[in-house]
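Read the structure below first, then the notes.
The values are calculated or read from the model by the stated rules, or taken from the named source; none is laboratory data. These figures come from a predicted structure and were not determined experimentally. Note that we place each Cβ from the backbone using ideal geometry, even for glycine, and neighbour counts take in every protein chain shown. SASA here: full protein model, heavy atoms, side chains in, ligands and nucleic acids out. Shrake-Rupley method; radii C 1.70, N 1.55, O 1.52, S 1.80 Å.
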Amino acid sequence: MNIIVCVKNVPFTQEVDLALDASRQDIRKDNLVYVINEWDNYAIEEAIRIKEQSGGHVTAVTLGKEADEEVLRRCLAMGADEAIRIEPGNLKPDASMTAAMLAEVVKTLPHDLVLTGVQSDDFNNGITGGLMAERLGLAHAAVVNSIKPSDGKAQITIELEGGQDEMSRIDLPALFAIQTGINEPRYVSIMGIRKAAKKEIKVIQAEALGLPAADLQPDLIMEEIFMPPETEGAEMLQGDAGSLADQIVRIIREKGVSL
Amino acid sequence: MAEILVVAEHRNNELREITLQMLNKASDLGRKNNCEVSVALLGNNTDKLINDLKDRADRVIVYNDQRLQNFNPDDYKEILATLINERKPLITLMGHTPWSLDLAPALAFRTGYPLATDCVDILLDSGKPKVVRQVYSGKIFSRMAFREASGYLITVRGGAFPSSKSFDYQTEIIQVAMPTMAATSRREFIGYQDTCKGEVDITQAELLVSVGRGIGEEDNIEYVKELAGIMGGTLSCSRPIVDKKWLPKYHQVGTSGKSVKPKVYLALGISGAFQHVAGISGAGTVIAVNKDKKAPIFRVAQYGAVADLLNIVAALKGKVQGK
Ligand SMILES: Cc1cc2nc3c(=O)[nH]c(=O)nc-3n(C[C@H](O)[C@H](O)[C@H](O)COP(=O)(O)OP(=O)(O)OC[C@H]3O[C@@H](n4cnc5c(N)ncnc54)[C@H](O)[C@@H]3O)c2cc1C
Ligand SMILES: Nc1ncnc2c1ncn2[C@@H]1O[C@H](COP(=O)(O)O)[C@@H](O)[C@H]1O
């Protein structure tokens, strides 16, 4: 089974004060820590588990700058066999361009299964996988939370809303967008990542992909980013933990809950 | 006249709330910009759904067939791509739901129209749409324009717009014959399964003490559970807690968990992702405790405290026990 997994390095933005950059088209990223996109961590883990169970070859692909190779080294440390980075050069890829470039690389590789995450944590488009599937002519399912491959098909469950799953059988090759919780991703040690640093990462220049110019035009043009409106929101309680607890207890009682 | 096409989403013969929310926004845009509002309804035994859509749009375009009873991606993609390519609506609206995660990219590819997903607002500026999206875990907003095109696809976040009441449209119903479809599908439907059944019913609780990833370690769950017990409340959680198997799925609040309606929802270490927040729109009062003063949960809560949740839990235990 040949499995290709698309992984993205994303800035970690919880508990950080984000600032707009001078262009007001993105945030300042120089002080941010990057991590593997949460959904992609589950996708690479799933690929490696399938390989461990039934054999095969796992390739991790990212579209990103040299610094983003970190995410590929992490995948190699987890057990991926091969890693490819597409260098965007001066391009500023949106989801449609990203899908075009990733699909172009996937085309050149043998593949029974292509995995992406459901969404990227920074831009949460949720469509890169679906767009790739169309380009590649692959069967597709979004929000997949279990995969059991057998005999040229895969039995999968697809998460719907409100605690319901759909079970389906899909012909391979197929592309699945992986949902968190499908597995428990393994721990990756610093040592493991260091060892993986010795493995070669293949770099492909975006312009060498031979895509038509229209595919390298964004669908969406960022006009401006801005901070959420300050007007809305909670009344902020003040004080130390004891005083905050007093106020919380008072509010809960006021709202008709007896403690 | 330009057209705004809304793709109706429904389940078990009920329109999903998102459909009414999209119709509200569509009619608002339509009035201000002189556009007609149409609904595409794909289903089986659609009479009730048609009735629920009456007065809310200029027309309902109905495909009624057994094959369309449940969401069937192959047929839906084929029918909607054909419909859009024929009618060329200026804007096509879908809900940002698991349905459209599957449907929307396929339609973008097959119509050649640009697609913006998970939008919280839509503006029309001299006939060209722009959208507002949240990025970086909802901490930043962005306004985006589209490349030049004759039509645009937009998926809308649940709860971004209020639901429509009935309007005064003279609704035309157009029944369209089911086109012949490829007999074979690469996806074979087996069945549905429930994943949220269990011994605790968080939907009936008056007080929910809810934990998110900010809890840090599995061992701390027990500590918060004790607090919930002392307070006579019920423990619930966000998705990562279930993903890590620290609590069973029936504790999960949100789009892929349960919608809850407690008098008070105490959110501890939950950032406020829309998939979570969608599940607490029925809560009376939301009190959020989070270390990050910029956490989006503070935009939906009525009361907030910037603090380490473990300190607050300890203090609450002391207060309630020592009353
Ligand atoms: C299709 C789909 C369906 C989904 N369905 C759901 C769903 O039903 N329910 C759901 O919850 N999510 C759902 N999600 C996931 C959702 O997008 C978020 O990833 C998730 O809600 C984040 O959970 P969290 O807030 O607990 O974690 P995080 O976003 O990681 O937030 C943790 C928060 O804790 C704070 N914190 C950290 N330490 C402390 C401390 N010591 N004290 C106080 N605060 C602290 C941080 O500042 C942060 O704000 C879904 C996603 C997708 C794509
Ligand atoms: N730059 C990228 N490199 C590799 N994979 C990506 C990239 N951007 C998006 N993806 C994949 O597409 C999925 C969905 O991303 P998005 O459509 O941006 O929400 C992610 O989980 C990744 O698997």
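Here are a few things to note about the model shown:
- The residue that is nearest to A:A47 (Cα to Cα), among those in the range A:81-124 that are near ligand 2 (Cβ under 7 Å from one of its atoms) and polar (S, T, N, Q), is A:T116.
- Set B:I287, B:I230, B:I312, B:I270: member being more than 7 Å from every other protein chain (Cβ to nearest Cβ) and open to solvent by less than 50 Å² (accessible area, probe 1.4 Å): B:I270
- Residue list for the range A:88-120, restricted to those being in contact with a helix residue (DSSP H, G or I) (Cβ under 6 Å, 6 or more places away or on another chain) and of a type in the set (D, E): A:E104
- Residues (more than 19 Å from B:F71 (Cβ to Cβ) and either surrounded by 20 or more Cβ atoms within 10 Å (Cβ to Cβ) or charged (D, E, K, R) (or both)) located in the range A:138-170: A:L138, A:I147, A:K148, A:P149, A:D151, A:K153, A:A154
- Subset of the range B:97-130 (residues that are open to solvent by 20 Å² or more (accessible area, probe 1.4 Å), at the interface with another protein chain (Cβ under 10 Å from one of its Cβ atoms) and in a loop (DSSP other than H, G, I, E, B)): B:G112
- The criterion of being crowded, with 24+ Cβ neighbours inside 10 Å, farther than 16 Å from A:I252 by Cα and more than 9 Å from ligand 1 (Cβ to nearest atom) holds for B:H251.
- Pairs with Cβ under 6 Å, 6+ apart, first in the range B:189-218 and closer than 17 Å to B:Y250 by Cβ and more than 14 Å from ligand 1 (Cβ to nearest atom), second at pLDDT 95 or above and part of a strand (DSSP E or B): B:A205/B:T234
- For B:R143, the conditions (1) open to solvent by less than 10 Å² (accessible area, probe 1.4 Å); (2) facing another protein chain (nearest Cβ under 7 Å); (3) more than 16 Å from the chain's Cα centre (by Cα) all hold with the exception of (1).
- When each of A:E52, A:E46 is tested for being open to solvent by less than 20 Å² (accessible area, probe 1.4 Å), charged (D, E, K, R) and over 18 Å from A:S189 (Cα atoms), the lone residue that passes is A:E46.
- Residues in the range B:254-289 that are assigned to a loop (DSSP other than H, G, I, E, B), of a type in the set (G, A, S) and more than 8 Å from ligand 1 (Cβ to nearest atom): B:S259, B:S281, B:G282, B:A283, B:G284.
- Within the range A:159-176, the set of residues being more than 7 Å from chain B (Cβ to nearest Cβ) and within 16 Å of ligand 2 (Cβ to nearest atom) comprises A:A174, A:L175, A:F176.
- Residues in the range B:290-308 that are more than 7 Å from chain A (Cβ to nearest Cβ), open to solvent by 10 Å² or more (accessible area, probe 1.4 Å) and near ligand 1 (Cβ under 7 Å from one of its atoms) were compared, and the one that is nearest to the chain's Cα centre (by Cα) is B:N290.
- In the range A:7-31, of all residues being assigned to a loop (DSSP other than H, G, I, E, B), aliphatic (A, V, I, L, M) and more than 16 Å from ligand 2 (Cβ to nearest atom), the one that is surrounded by the most Cβ atoms within 10 Å (Cβ to Cβ) corresponds to A:L18.
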